[in-house]
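Trainee: Okay, here's the structure, questions in a sec.
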Amino acid sequence: MNFIVTSPFYPENFQLFTNRLKQQGFNVLGIGQEPYDQLPQSLKDDLTEYYKVNDLENTEEVKKAVAYLFFKHGKIDRIESQNEHWLNLEAEIREQFNIPGNKPKDLRKVKFKSEMKKLFAKAGVPAVPGKVANKKGTVNRIVKELGLPLVAKPNSGVGSSGTYKLKDQDAVYKFLEEWDEKDAYFFEPYIEDGKLLSYDGLIDQNGDIVFETSLYYHDPTLEVLKYQLDYGYIIQKEIPEKLRAYGQAIVKQFGMKERFFHIEFFENGDDYLVVEYNNRVAGGYTIDMYNYANHVDLFRQFARIVDGQPFETPSSPARYCVAITHRDQNTYAHDEAALRSHYGDRFVFSKRLPDAFSALQGNQFYGILADTEAEIEEIFNYVHQHKEG
């Protein structure tokens, strides 16, 4: 089988998808914009061929690359990057070259927040209410209907990019001054001190969930981004049953296959409100944290799923995994050497974060295992302790 990996170089940890596909027996072909000499030798060894384009944003140039690889290697069986940024590009290519997977018509429900809300309702899952605006003239009416504070984010967008917190009327005026009306915006209530968590997993070729996990953020992400607070999240060792039921109903309603998913919720007392469905694995090093918490290799399991093989269920019970960072602008009481010494074999991961993630997440990323909630709080207190003076 010929598998094209879009952008095989970036992000760095996703290079393991290429490696595991090669190990599974796929003929792995890469299309990227980095020079071949920039690729590490391990990635070069895993790729049968690498086609460099000048710009991955140039759809026609990428299609020419796919046509060349099709001519040289035969039918293309899959194309995937695991990156939300390339969802549209890959859908167009699948349609033109008759490659299995999501086509442009399939993406509307996972691209537009307004469309997601309709499917959440069909799934019977309570959702954060919202309204879409295409013009400035409708914003004040929406503000009046939903009340302040609100979150305004692109109706079709990725992550926190372009998101505004509208806490008062002055913030609304500022948003209206900056919005150029080129893209529609979606408005929903801001959940004060809301605990943001997720239901995440992997779906096989039949649309069945074969792996599931959950994470929650230690602090509200918009507050972390705005005030550059210390950052961290926790992979849970047990999924709350109501969250699992909601997540499974949503996955069934969206009807995706052979994909990761990342569904965001707010905790609402003893209930949950769904916020957003993401048609990919959570970003950054989260997949690595899933692996450590669940004693699994999801890079390998994805390759097996594409190959029609069953998911290999881990034999060991899950643990908590605390994903936590340091920011360069802060001076901490305990550096990496101290953390390694303090946590021993529970300290499982250390990587520099790419600049693209640093504004929200920080600069140096760590993964530390825990068995109890008390240990989780100790990790946050110890790692985030600032040096006095």
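Trainee: Based on alpha-carbon atoms only, what is the radius of gyration of segment 94-201 relative to the globular estimate 2.2 N^0.38 Å?
Mentor: Details: Rg = 15.8 Å, N = 108, 2.2 N^0.38 = 13.0 Å.
My calculation over the Cα atoms of segment 94-201 gives 1.21.
Trainee: For every other residue with a beta carbon closer than 15 angstrom to the beta carbon of L273, add +1 if it is Lys or Arg and -1 if Asp or Glu, then tell me the sum.
Mentor: Details: positive: K113, K117, K195, K242; negative: E188, E192, D193, E264, E267, D270, D271, E276.
Once positives and negatives cancel, what remains is -4.
Trainee: Scaled to the compact-protein estimate 2.2 N^0.38 Å, what is the alpha-carbon radius of gyration of segment 61-110, rounded to two decimal places?
Mentor: Details: Rg = 10.8 Å, N = 50, 2.2 N^0.38 = 9.7 Å.
Expressed relative to 2.2 N^0.38 Å, the Cα Rg reads 1.11.
Trainee: Net charge around A133, counting only other residues with Cβ within less than 10 Å of its Cβ (Lys, Arg = +1; Asp, Glu = -1)? Present the calculation step by step, with values, prior to reporting the outcome.
Mentor: Values: positive: K131, K135, K136, R141; negative: E181.
Around A133, the charge tally is +3.
Trainee: Compute the projected area of the convex hull of the Cα atoms of segment 281-381, averaged over all viewing directions, and report it in nm² to one decimal place.
Mentor: Values: hull surface 30.2 nm².
Over all viewing directions, segment 281-381 projects a mean Cα-hull area of 7.5 nm².
Trainee: Bin all alpha-carbon pair distances of segment 334-388 at 10 Å intervals from 0 and give each bin's fraction as a whole percent.
Mentor: The percentages, shortest bin first, are 21, 52, 26, 1.
Trainee: Can you tell me the dipole magnitude for the chain around its Cα centre, using point charges on the Cβ only (Lys, Arg +1; Asp, Glu -1), in Debye to the nearest 20? Provide the component values of the computation, followed by the final result.
Mentor: Details: 47 positive and 59 negative charges, 281 e Å.
About 1360 debye.
Trainee: Could you work out the helix-only [θ] at 222 nm for the chain, with each DSSP H run of four or more residues adding -39,500 (n - 2.57) and the total divided by the number of residues, to the nearest 500 deg cm²/dmol? Walk me through the numbers before you get to the answer.
Mentor: Details: 15 runs with 142 residues, N = 389.
Computed ellipticity for the chain at 222 nm equals -10500 deg cm²/dmol.
Trainee: Report the normalised scattering of segment 32-184 as log10 I(q)/I(0) at q = 0.14, 0.15, 0.21 Å⁻¹, calculated by the Debye formula with identical scatterers on the alpha carbons.
Mentor: Debye curve over Cα of segment 32-184, log10 I(q)/I(0) at q = 0.14, 0.15, 0.21 Å⁻¹: -0.85, -0.91, -1.32.
Trainee: Still on this model: Using only the Cα atoms of segment 196-314, what do you get for the radius of gyration and for Dmax, in Å?
Mentor: In Å, with Rg to one decimal and Dmax whole: 14.5, 46.
Trainee: Next question, about the same structure. Please give the net charge around V143, taking every other residue with its beta carbon less than 11 angstrom from that of V143, where Lys and Arg add +1 and Asp and Glu add -1. Spell out each step's value before the answer.
Mentor: Details: positive: K131, R141, K144; negative: E145, D168.
Net of charged neighbours comes to +1.
Trainee: Let me ask another. If the limit is 26 Å between Cα atoms, which of K257/K351; K75/K252; K226/K387; K113/K226; K105/K136 go over it? Numbers along the way, then the final one.
Mentor: Values: K257/K351 31 Å; K75/K252 30 Å; K226/K387 22 Å; K113/K226 23 Å; K105/K136 28 Å.
From the list (K257/K351; K75/K252; K226/K387; K113/K226; K105/K136), the Cα-Cα distance tops 26 Å for K257/K351; K75/K252; K105/K136.
Trainee: Along segment 186-200, what does the Karplus equation 6.51 cos²θ - 1.76 cosθ + 1.60 (θ = phi - 60°) give for ³J(HN,Hα), rounded to whole Hz, x for Gly and Pro?
Mentor: Using θ = phi - 60°, the values come out as 10, 10, 8, x, 7, 7, 4, 6, x, 7, 8, 9, 9, 10, 10 Hz.
Trainee: Among N54, H85, A65, flag the residue with its Cα farthest along the positive direction of the charge dipole of segment 14-87, charges on Cβ as +1 for Lys/Arg and -1 for Asp/Glu.
Mentor: Of the listed residues, the answer is A65.
Trainee: Starting from the Cα gyration tensor of the chain, multiply each eigenvalue by 5, take the square root, and state the resulting semi-axes largest first in whole Å.
Mentor: 32, 28, 22
Trainee: Further question: Using +1 at the C-beta of Lys and Arg and -1 at the C-beta of Asp and Glu, which of Y199, F187, T286 has the Cα lying farthest in the positive direction of the dipole of segment 132-288?
Mentor: F187
Trainee: Same structure again: Kindly give Rg over Rh for segment 13-80, based on alpha-carbon atoms, with the Kirkwood expression for the hydrodynamic radius. Before the final figure, lay out the partial values.
Mentor: On the way: Rg = 11.8 Å, Rh = 12.5 Å.
Rg/Rh: 0.94.
Trainee: Keeping all protein chains in position, work out how much accessible area R108 exposes to a 1.4 Å probe, and write it in Å² to the nearest 10.
Mentor: Ignoring ligands and nucleic acids, R108 comes out at about 130 Å².
Trainee: Next up: When the dipole is taken about the Cα centre of segment 103-218, and only Lys, Arg (+1) and Asp, Glu (-1) are charged at their Cβ, what size is it in debye, to the nearest 20? Numbers along the way, then the final one.
Mentor: On the way: 20 positive and 17 negative charges, 110 e Å.
Once rounded to the nearest 20, the dipole reads 520 debye.
Trainee: Which three numbers, in whole Å and largest first, are the semi-axes of the equivalent ellipsoid of segment 207-271 derived from its Cα gyration tensor as √(5λ)? Please list the in-between numbers first.
Mentor: On the way: eigenvalues 131, 39, 26 Å².
Values for segment 207-271, descending: 26, 14, 11 Å.
Trainee: Quick check: Cα centre of segment 47-104 to Cα centre of segment 283-343, how many Å?
Mentor: 29
Trainee: Sticking with this one: Just the number please: accessible area per residue for segment 1-159, 1.4 Å probe, all protein chains included, in Å². Write out the running numbers ahead of the final one.
Mentor: On the way: 7400 Å² over 159 residues.
With the other protein chains kept in place, segment 1-159 gives 47 Å² per residue.
Trainee: Would you grab the residues whose amide H sits under 5 Å from the one on I79? Only those 5+ places off in sequence or on another chain, please, with H modelled 1.01 Å from N.
Mentor: I4
Trainee: Right, something else. Provide, as a two-decimal number, the C-alpha radius of gyration of segment 86-129 over 2.2 N^0.38 Å, N being how many residues it has.
Mentor: Details: Rg = 13.0 Å, N = 44, 2.2 N^0.38 = 9.3 Å.
In units of the globular-protein estimate, segment 86-129 measures up at 1.41.
The values are calculated or read from the model by the stated rules, or taken from the named source; none is laboratory data. Keep in mind it's a predicted model, so treat the numbers as computed, not measured. For neighbour counting, all protein chains shown are included, and Cβ atoms are generated from backbone atoms with ideal geometry for every residue, glycine included. To get the accessible areas, we keep the full protein, side chains included, count just its heavy atoms, and leave off ligands, DNA and RNA. Shrake-Rupley method; radii C 1.70, N 1.55, O 1.52, S 1.80 Å.
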